[in-house]
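Below is one structure, written out as structure tokens; the observations come after it.
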Number of protein chains: 2
Amino acid sequence: MSKKTMAVVAAACTAALLAAGAAHAQDKKVRLQMASSYGSTLPILGEAAAAFVKKVEAATGGSVQIKFNEPNALVPVLQSFDAVSQGSVDSAWTASAFWSGKDSAYNFFSSVPFGPGAAEYLAWLSYGGGKELKAEMYGQHGIHSITCGMLPPEGSGWFRKEVKSLDELKGLKMRFLGLGAKVMDKLGAATQLIAPGEIYQALQLGTIDATEFSTPVMDLKLGFYQVAKYYYLPGWHQQTTALEFLINKKKWDAMSPAQRAAIEQACGDTVQETVAQGEATQAGALKEIQAKGVELKKWPPEFIAAFEKTWKEVIAEESAKNPNFKRVHESYAKFRAEYAIWREYGYLKQ
Amino acid sequence: MSKKTMAVVAAACTAALLAAGAAHAQDKKVRLQMASSYGSTLPILGEAAAAFVKKVEAATGGSVQIKFNEPNALVPVLQSFDAVSQGSVDSAWTASAFWSGKDSAYNFFSSVPFGPGAAEYLAWLSYGGGKELKAEMYGQHGIHSITCGMLPPEGSGWFRKEVKSLDELKGLKMRFLGLGAKVMDKLGAATQLIAPGEIYQALQLGTIDATEFSTPVMDLKLGFYQVAKYYYLPGWHQQTTALEFLINKKKWDAMSPAQRAAIEQACGDTVQETVAQGEATQAGALKEIQAKGVELKKWPPEFIAAFEKTWKEVIAEESAKNPNFKRVHESYAKFRAEYAIWREYGYLKQ
């Protein structure tokens, strides 16, 4: 080939690449392994992960491909934080409350007892200080975290026996995730954190007497109705729950701006979609749970009052023990206090 | 160039294009003109449009560029539906209620009096039948519509005089958008729809006695506090408001799957971001409005009851007049009725 011919060829190739979209021309294909805390068949919790992965692939025209891995396939669920931190796993689909053993302040980024609904919670997370605190706490471990889902209230739990008095919580063995567990412990229960895939068996075998897990749709799917006939609501411990996409920070930084933008927007889109899907499906699930012979129970006011009073004690105790908990709680509480005038004037009373 | 050389060159170019991302390699650059119903400096309403445009450009690496045009720059605000339908304008940033003159059923896709908050409304729009009805109504006019923002409750309106009795609504000249206008008219007011950029002057000149517009943040920006000293809340007529990105259907269909996915996800991300930003900023705006000497007024219960009773009459009358209104309302009402058990059991009482 003559030099002139080569120059013409080079120019033609460059033009073709430019026509293909300036920024994407430089994008290297990225393939990420993703560990999930929730099984792929779990409504919303797992299904949203599958939808998120497809969204990213669609919007990037395949330049980013994320491989969903079932819980424990790459690493045990409760070790996925460390795996993503070290880079032995690229990314994870999970919720911050799973890392409460590392630092109780992580809880604030997935759910807070007696906390707000999805809209006010998103406001604190995105615009009220939550995002920066979360970036700091995950960043120290080399992890980039993106809020990637938002669920409606959970049920309060499945109980094999009716709970007739607060005294009956004493000694109760219960699976519990998040800050609500500390409340239950103070009221005398013995809580433990069991990964989602292992709860049913523990309840069936009597290793635990009760369990909370998620919203009615997901709880129905896990079949708890077969072994526990009392479903208590509302979920005072989790009035909304944020899901997260965690990714090793070096892998995140190595992607192109367009790839990172596409992932962020796929997460944002997943937030609105999980809100919509979550709200659209719970009523049907409650009716189906009833049809399976389960009794829906609302906590009497004295229980709700006891839970709330105990939650305030937990705040005080954890704040005294953990400066990080104190700092994150103060950001959250300040936001809610300032917001109060809007709740009072802006909303019709239901 | 020999045939062999040409084959080598072609192969090299193809490889370069494949490396650039398979789907994007086929993407033609798309430039869209977008007419906006809201000025670029309007908090959230206009700012979200600018953010949306940037999101699309970022995620597509510039392969889709949308040009924001100020209200009336391309076409008068109230004619942007027709312009997008005919293709003389590619796209529009707006809200469905602006087209209530064409068909009162369009109102259901932006807001409904005594309607739900953002989460339940998104549930109906996305999973309860709203999306399909909307696609049909816009599709008949060659328009593709994507929900692209979700706002917190509006204020109920700015009044130059205190409203001491329902009788004082009679003869009141008020700017009003959406189905709430029909309620106010039945209560004796004379409502008119004035485009956002022209409301302040109408209120200042006394062409109107009162106006509703949007949430406190946006209302503050438009300066109504300078000419009206009573701000009534809550906005019974609009407890949440969906914004829309409308695009000419032929232009939409001509884009690549990746480009369409990126736009859809940018809209979804904008929904969650407007929810968060909307909720995060109203309390501060209310306090600033008070500081400017405006009295915040809550409608007394008898007003709220009268508004709600009249709204039910409007439903009956419009349903009798407009089969489309009846059909869309029935979908919406059926969803809310089924949802009721979830509201009752799932949520803590505030």
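Sorted fewest first by neighbouring Cβ atoms within 10 angstrom, A:Val75, B:Val217 come out as A:Val75, B:Val217. The loop-placed trypsin sites (Lys or Arg not before Pro) in the stretch B:266-311, going by DSSP, that have at most 14 neighbouring Cβ atoms within 10 Å of their Cβ come out as B:Lys292. Distance between the C-alpha centres of the stretch A:248-290 and the stretch B:243-318: 21 Å, rounded to the whole angstrom. Axis of helix B:47-59 versus longest Cα principal axis of chain B: the two differ by about 20°, to the nearest ten degrees. Across every pair of non-identical alpha carbons in the stretch A:165-225, the mean reciprocal distance, once inverted, gives a Kirkwood radius of 11.8 Å.
When only Cα pairs below 8 angstrom with a gap of at least 6 residues are kept, the stretch B:193-350 shows a relative contact order of 29 percent. Between the residues B:His141, A:Ile66, A:Trp99, the greatest Cα displacement towards the positive end of the dipole of the protein assembly as shown, with unit charges on the Cβ of Lys, Arg, Asp and Glu, is found for A:Ile66.
Debye calculation, C-alpha points only, no solvent: report log10 I(q)/I(0) for the stretch A:55-117 at q = 0.15, 0.18, 0.29 Å⁻¹, in the same order as the q values. Here log10 of I(q) over I(0) equals -0.62, -0.79, -1.16. When chain A is treated as a Gaussian network with alpha carbon springs shorter than 10 Å, the biggest mean-square fluctuation among A:Glu313, A:Glu120, A:Glu338 belongs to A:Glu338.
For chain A, the dipole from Cβ point charges (+1 on Lys and Arg, -1 on Asp and Glu) about the Cα centre works out to 640 debye, to the nearest 20. Pairing the Cα long axis of helix B:323-346 with the longest principal axis of chain B, what angle in degrees results, from 0 to 90 and rounded to the nearest 10? Helix B:323-346 sits at roughly 80 degrees to that axis. Helix A:130-139 and the long axis of chain A differ in direction by around 70°, with both axes built from C-alpha atoms.
Here the translational diffusion coefficient of the stretch A:210-313 follows from Stokes-Einstein with Rh set to the Kirkwood radius across Cα pairs; for 37 °C and 0.692 mPa s it amounts to 196 µm²/s.
Beyond 20 Å between alpha-carbons counts as too far, so tell me which of A:Lys54/B:Lys334; B:Lys28/B:Lys250; A:Lys54/B:Lys54 fall in that bin. Over 20 Å Cα-Cα: A:Lys54/B:Lys334; A:Lys54/B:Lys54. Summary value for chain B: 23 percent relative contact order, contacts being C-alpha pairs under 8 angstrom separated by 6+ residues.
Annotation note: chymotrypsin sites (Phe, Trp or Tyr not before Pro) in the stretch A:51-89 located in DSSP loop regions with a Cβ neighbour count of at most 15 within 10 Å are absent. Note on B:Asp167 and A:Arg343: their simple-model spin labels are 3.9 nm apart, each label 7 Å out from Cα toward Cβ.
Among the listed pairs A:Lys173/A:Lys229; B:Lys134/B:Lys229; A:Lys161/A:Lys287; A:Lys309/B:Lys292; A:Lys249/B:Lys29, which are separated by more than 27 Å between their Cα atoms? Where the Cα-Cα span goes over 27 Å, the pairs concerned are B:Lys134/B:Lys229; A:Lys309/B:Lys292; A:Lys249/B:Lys29. Applying a DSSP loop filter and a limit of 13 other Cβ atoms within 10 Å to the trypsin sites (Lys or Arg not before Pro) in the stretch B:111-182 leaves B:Lys161, B:Lys164, B:Lys170. Note on the stretch A:266-330: Cα-Cα pairs beyond 14 Å make up 75% of the total pair count. Largest GNM mean-square fluctuation across B:Ala195, B:Ala254, B:Ala83, computed for chain B with C-alpha springs under 10 Å, falls on B:Ala254. One decimal place: the segment B:Lys29-B:Glu302 gains 92.6 nm when fully extended, by the rule 0.36 nm per residue minus the C-alpha distance. Label points for B:Pro301 are taken 7 Å from Cα along Cα→Cβ. From this copy to the others they lie 1.6 nm apart, shortest first. Across identical copies of the chain, A:Glu344 has label-point separations of 3.2 nm, listed in ascending order, with the point defined 7 angstrom from Cα along Cα→Cβ. A compact globular protein would have a Cα radius of gyration near 2.2 N^0.38 Å; the ratio found for the protein assembly as shown is 1.01.
For the stretch B:123-221, the equivalent ellipsoid derived from the Cα gyration tensor has semi-axes of 30, 16, 14 Å, listed largest first. Entry note, the stretch B:176-247: relative contact order of 30 percent, from Cα contacts under 8 Å with a spacing of 6+ residues. Taken along its principal axes, the alpha carbon cloud of the stretch A:230-277 reaches lengths of 50, 22, 14 Å, longest axis first.
In nanometres and ascending order, the distances from the B:Ala254 label point to those of the other copies are 4.0 (point 7 Å from Cα along Cα→Cβ).
Result for chain A in a Gaussian network model with C-alpha springs under 10 Å: among A:Gly39, A:Gly293, A:Gly117, the largest mean-square fluctuation is at A:Gly293. The radius of gyration of the Cα set in chain A, together with its Dmax, comes out at 22.8, 91 angstrom. Set the Cα radius of gyration of the stretch A:50-190 against 2.2 N^0.38 Å, with N its number of residues, and you get 1.23.
Taken together, the values in this text are just the output of simple stated rules run on the coordinates, not laboratory data. Bear in mind the structure is a predicted one, so any value in this text is a computation, not a measurement. Quick reminder, even Gly has a Cβ in these numbers, built from the backbone with ideal geometry, and neighbours come from all protein chains shown.
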